[in-house]
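Take a look at the structure set out below.
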Amino acid sequence: MSKSYRQEYELLGNLLIQDNLITKAQLEEAYYKHKHTGERLGDILVNMGVILEENLLKTLAKQLNIDYIAGDNFQQINPDNASFIPESIARKYLALPFHVDERSIFLAMSDPFDLVAIDDIQKLVGKEIRPLIAKKRDIEDAINLLYKKQEENQILEVLRDLHDQQFEIKKEEEEKIDLDLLKKQIDDAPIVKLVDYIISNAVSKRASDIHIEPTEKELLIRYRIDGVLHKIISPSKQWQSAIICRVKILSNLDIAERRMPQDGRFTIRYGQREIDLRVSTIPTIFGEKIVLRLLEKSSFNFSLEELGLDSNQLKIFKHHMYLPYGMILLTGPTGSGKSTTLYSILSRIRSPEQNIITIEDPVEYQVNGINQIQANFKIGLTFANGLRSILRQDPDIIMVGEVRDLETAEIAIRSALTGHLVFSTLHTNDAVGTLIRLINMGIEPFLVCNSLTLAVAQRLVRRICHHCKEAYTPGNSCLENLGLRTDHNEQVLFYRGRGCKECNNTGYFGRVGIFEILEVNQTIRNLVLQNALPEIIKRKALDNGMTTLMESGIHKVIQGITTLEEILRTATEGE
């Protein structure tokens, strides 16, 4: 088996061509990138957007004569399978015991060529390993599901241990906390286990943020999942100081300083994933509140096709991101997916012939073939200063994390006007607001018109959970409010999630983008130069075919991707 795997993998490209999934030119381009970056051929083809990961894996499975496991099939896994492979090993190798019999373990893997993983697990379990192939994300979700019960039992045990402890800090002594007693609490095994669980559980639940919030009577732990906060646990108030100080120690913060805000960071390893945690503290009337932002440091693996762009929007993106110069700005509130979109673009257009440099705060993902700079405002490495230095590095393509001030805006626009392709983000509510915001910052209208080629507003909406998805018929008044006119005999179906254990009874699982894309063509330029009102510019853009955020969202409601309630909650914010 192992002998032929490597040989057959080399034939994958030709098989994809035979199945009309890629062209010979696309294969040659992928091989060229492989020689210069060392990435796997399949990953390159997926990142190029020429093939979906699912189609690639199905073809690979056929070539290797093994089974492809779709995401839904992981629901049938016997929970007892978790006892054969420790969770740490499953996460390290992204390998899951899908089925077990007397002689063999059928191992769902994202990389069936990983002979080290196969050998290690075979030695561990003492059974023959028979590889299966599945998407990385499906395996991660299945691992989270399979080992969830074990985690729940662990936290119950930790909380029982804490309940048996007798340490206590009285409220009236809050200003005179005994640091020796506090350090004893922090080093106590249950506290360490509890904080470790809070963090690891957040990663497994796909949380983007952890909120540790003191209230009058309890300590509230909440996770932000798919953009919405959810209460997780509420440890006893008496353990508040110990839990908070444990996080501060991990972040290299001053545990004696409780009156001033502090910022720190630390990194954890979760299986094969490396997670960077950015920590922020603020004093409140009931104690210090801490927010931990979770950022995965692994290589970026999203494609433009996965973001939620419709076919016309994708066509517009592809045209403008291959222009030799100009500026593309993405707008929206914090957490609306702007950085993910920018990384997807850079992953698509990177090549050995291009010098691509970014300055970011923070560097959220590592992208091979791109020079990434971490801004550091404490030492004066601002976006503006970093951008000046980048321009002396002979760049072809530049990404600036955010246009925050006039100085950064001026340098970015000057770069776009002098033969560079510039990407950045801006905080406005809609695409037309991008033009107005730049002018209000002090940029001359003619410079805005000559540099900006594309303005994109975006939001993230929650996807309906596919485990509990159900159809329903909306009322006629609902359809009329959406501007959808249908024949009275025609039945319109919308979809929603009932709520299940997979989605924590929310009815949603994961998120997808909705977009409003403004092409700055000659008509729009003329209106800007005439100081036209934003409403007039937007009306003309709509006449030219621009889709609004609301229209983009309604299209996804009709497709059964999200719900009307989610669109009304998200697309109308700030508008």
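The values are calculated or read from the model by the stated rules, or taken from the named source; none is laboratory data. As the structure is a computational prediction, the values presented were derived from the model and not from experiment. FYI the Cβ positions are ideal-geometry reconstructions off the backbone, even for glycines, and counts take in every protein chain you see. Quick note on the areas: whole protein, heavy atoms, side chains included, nothing else; ligands and nucleic acids left out. Shrake-Rupley method; radii C 1.70, N 1.55, O 1.52, S 1.80 Å.
Give region 493-517 a look and list any residue that's under 30 Å from K315 (Cβ atoms) and out of contact with any Pro (no Cβ under 6 Å at 6 or more places or on another chain), or say none.
Matches in region 493-517: L493, Y495, Y508, F509, G510, R511, V512, G513, I514, F515, E516, I517.
I want to confirm something. Restricting to region 190-219 and keeping residues that are in a strand (DSSP E or B) and more than 26 Å from L460 (Cα to Cα), which single residue is most open to solvent (accessible area, probe 1.4 Å)? If we take residues in region 190-219 being in a strand (DSSP E or B) and more than 26 Å from L460 (Cα to Cα), then E218 is most open to solvent (accessible area, probe 1.4 Å).
Only one of these is at pLDDT below 85, crowded, with 19+ Cβ neighbours inside 10 Å and not hydroxyl-bearing (S, T, Y): F98, F74. Name it. The match here is F74.
Tell me the strands (runs of 3 or more DSSP E) entirely within region 328-403 that contain at least 3 residues that are modelled with pLDDT of 90 or more, open to solvent by less than 50 Å² (accessible area, probe 1.4 Å) and within 22 Å of G419 (Cβ to Cβ).
356-360, 397-400
Taken together, the residues in region 229-261 that are buried (at least 19 other Cβ atoms within 10 Å of the Cβ) and either of a type in the set (D, E) or in a strand (DSSP E or B) (or both) amount to 1.
Just to be sure, is I554 of a type in the set (A, V, I, L, M) and in a loop (DSSP other than H, G, I, E, B)? Before you say what the answer is, go through the steps one by one.
Details: of a type in the set (A, V, I, L, M): yes; in a loop (DSSP other than H, G, I, E, B): no.
Against the criterion (of a type in the set (A, V, I, L, M) and in a loop (DSSP other than H, G, I, E, B)), I554 does not qualify.
Just need a number here: residues in region 357-380 that are in contact with a Pro (Cβ under 7 Å, 6 or more places away or on another chain) and β-branched (V, I, T). Spell out how you get there, then give the answer.
Within region 357-380, the first condition is being in contact with a Pro (Cβ under 7 Å, 6 or more places away or on another chain), and the residues that meet it are 357, 374.
Still in the running and β-branched (V, I, T): 357.
Here the count works out to 1.
Looking only at residues in region 514-541 that are more than 33 Å from the chain's Cα centre (by Cα) and among the polar types (S, T, N, Q), the one that is surrounded by the most Cβ atoms within 10 Å (Cβ to Cβ) is T523.
Rundown of residues vs (1) under 28 Å from Q366 (Cα atoms); (2) surrounded by fewer than 20 Cβ atoms within 10 Å (Cβ to Cβ); (3) touching a Gly at 6+ places or on another chain (Cβ under 7 Å); (4) touching a residue at least 24 places away in the same chain (Cβ under 8 Å), yes/no style:
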{"residue": "E39", "(1), (2), (3), (4)": "yes, yes, no, yes"}
{"residue": "M48", "(1), (2), (3), (4)": "yes, yes, no, yes"}
{"residue": "D67", "(1), (2), (3), (4)": "no, yes, no, yes"}
{"residue": "D80", "(1), (2), (3), (4)": "no, yes, no, no"}
{"residue": "F84", "(1), (2), (3), (4)": "no, yes, no, yes"}
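Of the set (1) on the phi < 0 side of the Ramachandran plot; (2) under 17 Å from the mean Cα position of the chain (by Cα), all apply to I290 but (2). Of all residues in region 106-120, none that is closer than 16 Å to I69 by Cα and of a type in the set (A, V, I, L, M, F, W, C) has its Cβ atom under 6 Å from the Cβ atom of a residue that is at pLDDT below 85 and open to solvent by 40 Å² or more (accessible area, probe 1.4 Å), 6 or more apart or on another chain. Filtered by the rule that a residue be free of Cβ contacts under 8 Å to residues at least 60 places away in the same chain, among the hydrophobic types (A, V, I, L, M, F, W, C) and closer than 22 Å to R269 by Cβ, region 86-105 gives I89, A95, L96.
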